[in-house]
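Step one of this worksheet: look at the structure below.
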Amino acid sequence: MSGATGAAAGVSVVHRRYVPYSHAHYAGNLVDGAYSLALFGDVATELCIRTDGDEGLFAGYASVVFHAPVRAGDVLEVTATITRVGTRSRTVDFTCHVVCRGTPDAGASAAAVLDPPVLAVSATGTVVVP
């Protein structure tokens, strides 16, 4: 378990990611919901590495809620926080916030910082580590 710090409720990991226009899937440059779920998998992997010294396996989601659209040109902040520690399982709460958004009406490459950020997706899932 080299580098692991120990799983505990309250431990969090945060990733930020720019959503490229090549990921737009629907009209209005909307990105499909699976994009955020893939990011949840990425942040959960780092969380497991940091706490258990292993990438772990995603067992499933107890809930997923899509609150607002994710669009190409967005900058997303994805957070995973351990809320329960079992012998091999960890319950993790996930959030995906839009922290910056492209504003093409103001110019082809224009964008703005969103203050406050917009909650786009929240979820609760379970990961399992050996």
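Table for the structure above
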{"quantity": "Any chance Ala44 is of a type outside the set (Asp, Glu), within 11 Å of the chain's Cα centre (by Cα), more than 20 Å from Val118 (Cα to Cα) and outside any loop (DSSP other than H, G, I, E, B)", "calculated": "yes"}
{"quantity": "The range 87-112 - residue that is part of a loop (DSSP other than H, G, I, E, B) and in contact with a strand residue (DSSP E or B) (Cβ under 9 Å, 6 or more places away or on another chain) and, of those, surrounded by the most Cβ atoms within 10 Å (Cβ to Cβ)", "calculated": "Arg88"}
{"quantity": "Complete set of residues in the range 87-110 that are farther than 19 Å from Phe40 by Cα and at pLDDT 95 or above", "calculated": "Arg101"}
{"quantity": "Within the range 7-30, tally of residues that are out of contact with any Asp or Glu (no Cβ under 8 Å at 6 or more places or on another chain) and part of a loop (DSSP other than H, G, I, E, B)", "calculated": "6"}
{"quantity": "Considering residues of the range 46-71 that are buried (at least 21 other Cβ atoms within 10 Å of the Cβ) and of a type in the set (A, V, I, L, M) only, the residue farthest from Arg101 (Cα to Cα)", "calculated": "Leu47"}
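The values are calculated or read from the model by the stated rules, or taken from the named source; none is laboratory data. Small disclaimer: the values here were computed from a predicted structure and weren't measured. Note that each Cβ is placed from the backbone with ideal geometry, even for glycine, and that neighbours are counted across all protein chains shown.
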